[in-house]
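A short worksheet on the structure shown next.
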Amino acid sequence: MDMVIVESKAKAKTIQKYLGRKFIVVACMGHVQDLPSDSSNAMWASSEGSLPQPPWSWTPKAEAVIDKMLKRAVERDVKRVFIATDLDREGEFIAWRLEIIFSEAGYQNIRRVTFNAITKTAVKEALTNSGDVDDNLVGAAIVPRLTDRLVGFRASKFARSWNIKSLGRVQTPTCGFIVERELEREAFVPVPYFALQAEASGLKYAAIFHHKDDEDAWRNNDGRFNAERTSNRTLVAEAFAAIDSTKELTIFESTPSSRSSAPKPAFTTDTLLQSASSMLKWGVARTTRTAQQLYNAGHITYMRTDSTRTDPSARATARRFITTNWNVNHLGDAPGPGAGGSGGKNVQDAHEAIRPTKPDIASVEGDADGKLLYQLVRARFLATQMSNARFTKLKLGARTDGCDNVFVAEVEWQTHAGWEAAYAGIDSRKRLTEKPDLDLMPGAVYQLDSVEDNPHLIEDATKPPARFRQATLVAHMKKSGIGRPSTYVPTITKIFSRDYCVAGERGIEPTQDGRTLWLDIAPHYDSGGADRKVSFVFSAEFTADMEARLDSVETGERDAADVWHGFLDHFKRLHAHALEVKARKPTPKQMNLFLRLWDAVDESRQADLQAEFEFSTADEISGPQMKELLDLLTSEAVLPPSEPQLKYLESLIGQFDGDLSAVMTTLNIASIETLTGGRKGTASQLIEILSSRVDEIPRPASEKQIKFISNLAEKAKLDESAACALVELEDFASLTGGREGSASRLINLLKRKTGGGRRRKSKASRS
């Protein structure tokens, strides 16, 4: 008996169907071991020429999954283990950990298999051509873990002085894109303009006001000329008055031309996200989730790729289908755009573009999202093998009496659908497929259509650059060389979860924390100099260079240990520089504490301190001076309670039904107004006593607690009575709230049952 290990249950189900009873196909459910999350280590020591050897720890629930897998392997007398995790760095890392775990369990015949598509043929060929875990890919997966850990621990600790949650090697420059775009918008100076439009026989005409070489020709913020716009209100008012009077246009010029539109290469991860955003109005998470489901079911090839290369046999199938379904004149030149290879920079060409596994199949089983995205993927791939779409165009020039301005319009119709035929039913754009039944030759006279606001005088101004949306942010990440197909969505998700940005109606906006992160904190890691773009650890250029180095590790051109130690040395220097720069000025936390303490000091003492430390305003205090001042003030001043302390106290007093005055007397507190702040102040003492007393008061569990317990019980496959029996109660209504209540105890018990508690370690974690 042979065992095949994949990452998801859906994928396991599909492959089991292909392989039959001679194989056991099981799912490891993603990563099984990773860097320990409960360790305070920012890094682990290693000598030059070698990578650190951290204590790899179980991911949540993984140990139970592996134990069950090993038990099943023993019961079914498994002789060979095929590890068929994804064919990228992360998949190879998972395969490496699984290989070690199964080796330690006594299995000798362990093979690595990869396939770009989950089809019967691809899976069986992969098993026949099995090999070993790729050490280069593993190294390319380990190094970013180590670099991200180092940056995440050291730089994030550094950022706490600004009350910022974290900095990240990729998330910080991504946040920087959003902040810099917002700064561009804020600095944007609109250029006003006037324009005039008119509609006749359904065609839209625009008045021409200037030639390109006119002194007063209108240009936008980038200096780009636009003949249909003017800054001269008088010009547009005169033209408006003339056409509004005549209500007609006479064609004096009709110039024919033609154009063709070529198909684009098959989808990469970023272009799929962009196309689904523009055509289906989907967010990146929805597209990624649906594409994963289609891949697991065997309908499309691997969906995390930046290659446009496609398989020759798939192209041949597509070409046969095109010939049969349309005709030979819809065939394009082989192999089609991008089909032979990616050819661009910042591209990992380890596998194919995203395409249907069976291009001649028009629809697949599944939910509505899956069907729709499959149609989009299939249309894009079929289009690569199809001819150009062709169009005929007429450029019309018209005049009206009493006006020197020319009015221009264009009419276009499709003469050959070509690749656009593949998008029938998906693309909602309306195209003319034949010449309009109109006289469009010189001399033809047309009355303006009887529609509202015709002619239409426009008074407007240029708009600032658009904010990023999720799909366009991915495109910008790709263009800048940061991130990879497997990291685009997690990176964007992280900057949202950290509250560095929010999704507004007009795109992604940075929050104040996002601005602080990029404008106040990240620059500490910029040492300046001629090579600052590459040396600044949070610049897009440095991040792109690091990604390129990881790519070269993957291909064996660089050694993983060399890349790690190079980054380590560079980051250490920049971190030391950041600490030195930070020490020059007070941090926001220090300044806030100083202002609170300063308000508690009398005026004469303030004057003495200003003279001693030589400052007149707080902004003039240096970092070293601030440290000395705070040491003095914390020993002298009586700190008032902070706003959060007072707010929490108000909540506790509202819940407390005992004798508040008696509690205050025991603490020698005369009144709430006399409370003192700080950790050892009377406000903290009163909070401690009241919170413990409030926790002792029996009260029902909160609605939030009940909902959380219900979700945990469902995960643990326990009904209400079975879950409550863990704390010797009958139902949720019997649970009590508070930190010491039965609801809290039940939550902790259910977390352990569902693997949500502290991660366990085992023999495998030491490898």
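Exceedance of the 22 Å cut-off in Cα-Cα distance is limited, within the set 494/717; 281/358; 204/264; 11/120, to 494/717; 281/358; 204/264. Restricting the GluC sites (Glu not before Pro) of segment 39-124 to loop positions (DSSP other than H, G, I, E, B) with no more than 13 neighbouring Cβ atoms within 10 Å leaves 48.
Cβ-Cβ distance of residue 165 and residue 740, R₀ of 35 Å, FRET efficiency by 1/(1 + (r/R0)^6): the value works out to about 0.75.
Normalised by 2.2 N^0.38 Å, where N is the number of residues, the alpha-carbon radius of gyration of segment 2-133 equals 1.11. For a straight C-alpha distance cut-off of 13 angstrom, the aspartates and glutamates reachable from residue 395 (same-chain residues fewer than eight places away being disregarded) are 253, 410, 412. To the nearest 0.05, what FRET efficiency results for residue 367 and residue 497 with a Förster distance of 22 Å applied to their C-beta separation? In this case the efficiency is close to 0.25. Between residue 153 and residue 231, the modelled label-to-label distance comes to 5.9 nm, taking each label 7 Å out from Cα in the direction of the beta carbon.
Among the trypsin sites (Lys or Arg not before Pro) in segment 455-533, those placed in a DSSP loop whose Cβ has at most 11 other Cβ atoms within 10 Å are 506.
Applying 0.36 nm per residue to the separation of residue 693 and residue 61 and subtracting their alpha-carbon distance, the gain on full extension is 223.8 nm. Taking the inverse of the mean reciprocal distance over all distinct Cα pairs, the Kirkwood hydrodynamic radius of segment 84-206 comes to 20.2 Å. Stokes-Einstein diffusion for segment 179-330 at 25 °C, viscosity 0.890 mPa s, with a Kirkwood radius from C-alpha pairs, works out to 113 µm²/s.
Taken along the Cα-to-beta-carbon direction at a fixed 7 Å, the label points for residue 610 and residue 449 span 7.2 nm. Its residue count N fixes a reference of 2.2 N^0.38 Å for segment 409-523, and the Cα radius of gyration divided by that reference is 1.76. As an exercise, use a Förster radius of 22 Å and the Cβ-Cβ distance of residue 752 and residue 74 to find the FRET efficiency, rounded to the nearest 0.05. It comes to 0.25.
For segment 182-269, which chymotrypsin sites (Phe, Trp or Tyr not before Pro) are both in a DSSP coil and crowded by at most 16 other Cβ atoms within 10 Å? Filter output for segment 182-269: 188.
A straight line joining the Cα centroids of segment 81-100 and segment 253-289 runs 34 Å. DSSP beta bridges confined to the chain are antiparallel in about 80 percent of cases. How much of the pair distance distribution for segment 274-387 lies past 16 Å, counting alpha-carbon pairs only, in percent? Pairs farther apart than 16 Å: 59 percent.
Rule-based calculations on the coordinates, nothing more; no lab input. All values derive from a computational prediction rather than experimental measurement. Ideal geometry is used to build each Cβ from the backbone, glycine not excepted, and the neighbour counts take in all protein chains shown.
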